[in-house]
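The values are calculated or read from the model by the stated rules, or taken from the named source; none is laboratory data. What you are looking at is a predicted structure, and each value in this text was computed from that prediction instead of being measured. For neighbour counting, all protein chains shown are included, and Cβ atoms are generated from backbone atoms with ideal geometry for every residue, glycine included. These area figures cover heavy atoms from the full protein model, side chains too; ligands, DNA and RNA do not enter into them. Shrake-Rupley method; radii C 1.70, N 1.55, O 1.52, S 1.80 Å.
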Amino acid sequence: MTTENQSDIPETGPGGEGPLHGVLAEYETPGELIEAAKAVRDAGYTKWDCHSPFPVHGLDPAMGIRPTVLPLLVFAAGIAGLGGSILLVWWMNAHNWPWIVAGMPAFSLPANIPILFESTILLAGITAFFGVWALNRLPKLWNPLFKSDRFLKATDNGFFISIEAADPQFERDKAETLLKDAGATAVEAIHLDPDPTRWQIPRPILAFIVITAILGLVPFAFIAKARVTHGDQPRIHVFPDMDFQVKADTQQRLVIDDSPVFRDGQVTRPPVEGTVPRGQLRQDDHFYRGLEGDEWATTFPAQLDIDTSTMDRGHEQYNVYCAPCHGEDGLGGGPIHERALEIQSPEWLMPTSIHDQNVTRQPHGQLYNTISHGIRTMPGYRAQIDEEDRWAIVLYLRALQRSQKALPDDVPPEERAQIR
Amino acid sequence: MSSASEAKHPAQEFNQITETVADVIERPKPPKAWYVAFGIALAMLGLLAVSVYHLLTTGVGVWGNNNAIAWAWPITNFVFWVGIGHAGTLISAILFLMRQSWRTSINRSAEAMTIFAVMCAGLFPILHTGRPWMAYWMIPHPNEMLMWPQFRSPLMWDVFAVTTYATVSMLFWYLGMVPDLATVRDRAKSKVRQIVYGILALGWNGSARQWHRYERGYLLLAALATPLVLSVHSVVSFDFAVSKIPGWHTTIFPPYFVAGAIFSGFAMVLTLMVPARWLFGLKDIIKESHIDVMCKITLATGLMVGFSYGAEIFIAWYSGNLFEQYAFLNRAVGPMAWGFWIMVTCNVLLPNLFWFKKFRTNPFLIVGVCLFVNVGMWFERFVIIMTSLSRPWIPAAWADFTPTFWDAATLIGSFGLFFTLFLLFIRFAPMVAMAEYKATLPAAHAGHQKG
């Protein structure tokens, strides 16, 4: 860059022999800048601008700058943020997945005001920021004015007016005279670079930006692919969370050093001594099911003591559970039967007499089974009467049956005299 | 302000501001104190890195949080840091709308403080989630779980408020900085600085047409940031006020929190700015009158906070609610009463020293009082969270809290992050809004004649 252009109106700009971009004039104070701007505007120029290190108040009307549309854009963005967030909240919490919290309506404005407010501000704020740059056509890192060393002062303490050669009524001499007459301390011509390719972004930089942008998409492409395809490799666990835990699988041998747990390494543990496995508790067929091999048991099980107390117990239980139908004498005429006759119940069948040959012939085991599971219209009593009591009833039944077919020999000799 | 410009040419005056501010980032070496401070800050940042690593590889159990006091220190720190940020936005947006031109000397650094404080704040709830890599679940997005956020939860409001606040603050900060970055670009001697600041300045050339839109945009952002800053700490207070816990469920919380936030934020601005103006020779720009005004605001907001404490206690008594009364009695005389009295001393009593001019002019006294205010404001959040959570409705659920080493390490570490970023900002970015500052000088106005 040349430095000798401190004097007035140099013939060639600091950029050398390239085409003329425009002229640049410097002023000392904001007041002078405003006056000069009025003059340039009155002269009818359209492609020109002022440059100052801070916004000079009063310059906008002097230059005839019309109000920017930015506030309208920001307002529209705010409305879009508000409307968009109402839709968002309604759709997500009330429509797509109605989410009931504490019995409140799925959608109501008051509960959502903070979200709506913040969304409005967010969208409006982002629009205000990017709107400024979009309307200002920035970022644009390259500007012909930057070729002038004098122009460095535009961000420090210098006040400038630039008129572009592209202006329809631009004539270099006239423009320079106008600016000088308006009080410029210096006027210089700004030339473009002689090489037209340098007016644009250099190709390598452009290529770099484009390639970087494309490469930046590659990870996203891989992610997108991974989401829709299957692979034979296990998934990548960036954060393992609880995916991997120290644990023992069934039938595995696992020895953890110094751990008192499972010193023998056997993961499937044997049951504690004396444990009865499920389903193996009632294996005595004779006692629990009244069977001896595949046949009904004809004897009483060993668990049952055949004595007077068992007989008394059987008597008591018979009178409680069996006598209501079968009768205390076992003939089948219990109180329920009597009642059925009294009301002439059409469905009632007389209970079987336990003295019937079909019953007396049955082995002990079959009687036990009948008490347990019932027969024909008689229900089972296994839920009410435990095994021992059922056997006691069978014992009492046998005595009752015998009582109806007793022979004189059955009566003890000292009591035989009372017969007849 | 006019006395300085009497003998000088306007151009000299403008240039002097550029020189003074740019010198901070252009001098070959910062002052020794900067290196010392930066070293300490980096060490604390290292502590943060170790704490976070330990937390992530072990789990939130490394903190003292328990079943009753689930929020404990992390949320205390979050509310503390978010509050710090508020002064920055207040200075840059609200005082801008009120045309308080003295704000131009401190608004840039206060905004930077806001952004760094919000970063520190954001750290804690994210870490507090336990699995921070799932934090994106808080952002509404289509997902394979077919789940949407619960928008009626105050915690969700928090996510929206704090992210919006962080975003808008950053945009506001950068928008304001572009013309100054252009100044630094135009003064840059080395190629690296020219390129880096050149890109950051976006090609700004001070065009009047661009200034026009820029000023509009700046005004709009200020107008948007003003209700935003008031909403952020209100929303943070909803985390407490909307829940039905004694000591939390009160309508005074939003204004009380906002006042407290501005109070703590101004204390932090003073803590940072008083040493910085002395260290970097900015005494002509950040004037004593500016410090004085900030001390007065700190006093005013401190009185508001004190009034809120009083109002809270009065309402607890006046409500006739046994649980509410117990909550406040427990604060003042319970097992954590020491926290309550530290809070009262630092936030209510000590700021009253700013009634005296001596305390508003002596830098050591200013920083001293402000450090106490910062401590007190941390304890305010500590008291609110700890006392209420440790004494819920059912006495069987009562619990006490013991902080762990990692609780303290993470808090100290967050200060490391804050100071590291702030010291880097001072060294590499224009810490005073030069363009704005120049525009407030008498010489910037058209009627002003050459000196």
Condition first: over 23 Å from A:ILE163 (Cβ atoms), assigned by TED's automatic domain parsing to the domain that holds A:ILE161 and open to solvent by 40 Å² or more (accessible area, probe 1.4 Å). Can you find one or more residues in the range A:49-61 that meet it? no
Which condition does B:ILE252 not pass, out of (1) in contact with a Phe, Trp or Tyr (Cβ under 9 Å, 6 or more places away or on another chain); (2) open to solvent by 20 Å² or more (accessible area, probe 1.4 Å); (3) at pLDDT below 95, if it passes all the others? (1)
Filter the range B:182-205 for residues that are more than 8 Å from chain A (Cβ to nearest Cβ), of a type in the set (A, V, I, L, M) and assigned to a helix (DSSP H, G or I) and give the result. B:VAL184, B:VAL192, B:ILE195, B:VAL196, B:LEU200
Answer from B:ALA300, B:ALA261, B:ALA311, B:ALA208 - the residue that is away from chain A (no Cβ under 14 Å) and open to solvent by less than 10 Å² (accessible area, probe 1.4 Å): B:ALA261
Single residue of the range B:211-222 satisfying the filter (within 7 Å of another protein chain (Cβ to nearest Cβ) and among the aromatic types (Phe, Trp, Tyr)) that is farthest from A:PHE117 (Cα to Cα): B:TRP211
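Check whether at least one residue in the range A:265-276 is closer than 30 Å to A:TYR381 by Cβ and either open to solvent by less than 100 Å² (accessible area, probe 1.4 Å) or of a type in the set (Ser, Thr, Tyr) (or both), and report yes or no.
yes
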Check B:ALA225 against each of (1) at the interface with chain A (Cβ under 7 Å from one of its Cβ atoms); (2) under 21 Å from A:THR127 (Cβ atoms) and name the one condition it does not meet. (1)
For residues in the range B:104-161 being hydroxyl-bearing (Ser, Thr, Tyr) and touching a residue at least 40 places away in the same chain (Cβ under 8 Å), which is farthest from B:LYS287 (Cα to Cα)? B:THR114
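Conditions (1) closer than 24 Å to B:GLY59 by Cβ; (2) at the interface with chain A (Cβ under 8 Å from one of its Cβ atoms); (3) not in a helix (DSSP H, G or I), marked per residue:
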| site | (1), (2), (3) |
| --- | --- |
| B:GLU111 | no, no, no |
| B:THR114 | no, no, no |
| B:MET119 | yes, no, no |
| B:TYR136 | yes, no, no |
| B:MET145 | yes, no, yes |
| B:LEU155 | yes, no, no |
| B:ASP158 | yes, no, no |
Determine whether the range A:169-177 contains at least one residue that is among the hydrophobic types (A, V, I, L, M, F, W, C), more than 7 Å from every other protein chain (Cβ to nearest Cβ) and assigned to a loop (DSSP other than H, G, I, E, B). yes
Starting from residues that are hydroxyl-bearing (Ser, Thr, Tyr) and open to solvent by 20 Å² or more (accessible area, probe 1.4 Å), keep the ones in the range B:369-412 and report whichever is modelled with the highest pLDDT. B:THR404
Restricting to the range A:62-103, and then to whatever is farther than 28 Å from B:ASN205 by Cα and not in a helix (DSSP H, G or I), can you tell me which residue is least open to solvent (accessible area, probe 1.4 Å)? A:VAL101
Before we move on, is B:VAL242 within 12 Å of chain A (Cβ to nearest Cβ) and open to solvent by 10 Å² or more (accessible area, probe 1.4 Å)? yes
Please go through the range A:123-169 and pick out each residue that is of a type outside the set (Ser, Thr, Tyr) and in contact with a Cys (Cβ under 9 Å, 6 or more places away or on another chain). A:PHE159, A:PHE160, A:ILE161
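Considering only residues of the range A:185-199 that are within 14 Å of another protein chain (Cβ to nearest Cβ) and either under 30 Å from B:THR440 (Cβ atoms) or out of contact with any strand residue (DSSP E or B) (no Cβ under 6 Å at 6 or more places or on another chain) (or both), which is surrounded by the fewest Cβ atoms within 10 Å (Cβ to Cβ)?
Among them, the one singled out is A:THR185.
If the requirement is being within 55 Å of the chain's Cα centre (by Cα) and either open to solvent by less than 100 Å² (accessible area, probe 1.4 Å) or within 18 Å of A:GLN366 (Cα to Cα) (or both), which of these qualifies: A:LEU254, A:LEU291, A:LEU281? Show your work before the answer.
Numbers: A:LEU291 fails: within 55 Å of the chain's Cα centre (by Cα); A:LEU281 fails: either open to solvent by less than 100 Å² (accessible area, probe 1.4 Å) or within 18 Å of A:GLN366 (Cα to Cα) (or both).
A:LEU254 is the lone residue from the list that is within 55 Å of the chain's Cα centre (by Cα) and either open to solvent by less than 100 Å² (accessible area, probe 1.4 Å) or within 18 Å of A:GLN366 (Cα to Cα) (or both).
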With criteria (1) on the phi > 0 side of the Ramachandran plot; (2) in the same structural domain as A:LEU400 (by TED's automatic domain parsing); (3) not acidic (Asp, Glu), A:VAL320 comes up short on (1)
Within the range A:108-133, how many residues turn out to be more than 8 Å from every other protein chain (Cβ to nearest Cβ) and farther than 18 Å from A:GLY81 by Cβ? 2
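One line per residue, one yes/no per condition, for (1) of a type in the set (Val, Ile, Thr); (2) on the phi > 0 side of the Ramachandran plot:
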{"position": "B:VAL168", "(1), (2)": "yes, no"}
{"position": "B:LEU202", "(1), (2)": "no, yes"}
{"position": "B:ARG213", "(1), (2)": "no, no"}
{"position": "B:ALA222", "(1), (2)": "no, no"}
{"position": "B:ALA225", "(1), (2)": "no, no"}
Exactly one of A:ARG235, A:ARG227, A:ARG198 is of a type in the set (D, E, K, R) and outside any helix (DSSP H, G or I), and that one is A:ARG235
Given (1) among the polar types (S, T, N, Q); (2) assigned to a helix (DSSP H, G or I); (3) over 30 Å from B:THR301 (Cα atoms), number of the condition B:ASN77 does not satisfy: (3)
Take the residues of the range A:35-61 that are assigned to a helix (DSSP H, G or I) and among the aliphatic types (A, V, I, L, M): which is farthest from the other protein chains (Cβ to nearest Cβ)? A:ALA39
Identify, by number, the condition in (1) under 26 Å from the mean Cα position of the chain (by Cα); (2) aliphatic (A, V, I, L, M); (3) within 10 Å of another protein chain (Cβ to nearest Cβ) that B:ILE126 doesn't meet. (3)
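Answer with yes or no whether A:PRO301 is assigned by TED's automatic domain parsing to the domain that holds A:LEU395 and either surrounded by 10 or more Cβ atoms within 10 Å (Cβ to Cβ) or not aromatic (Phe, Trp, Tyr) (or both).
yes
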Can you tell me which residue within the range A:135-149, out of those that are over 22 Å from B:GLU436 (Cα atoms) and not in a loop (DSSP other than H, G, I, E, B), is farthest from the other protein chains (Cβ to nearest Cβ)? A:LYS147
Would you confirm, using the coordinates I've provided, whether B:ALA41 is touching a Phe, Trp or Tyr at 6+ places or on another chain (Cβ under 7 Å), part of a helix (DSSP H, G or I) and either open to solvent by 20 Å² or more (accessible area, probe 1.4 Å) or away from every other protein chain (no Cβ under 14 Å) (or both)? yes
Does the range B:368-400 hold any residues that are hydrophobic (A, V, I, L, M, F, W, C), part of a loop (DSSP other than H, G, I, E, B) and touching a helix residue (DSSP H, G or I) at 6+ places or on another chain (Cβ under 6 Å), and which are they? B:ALA399
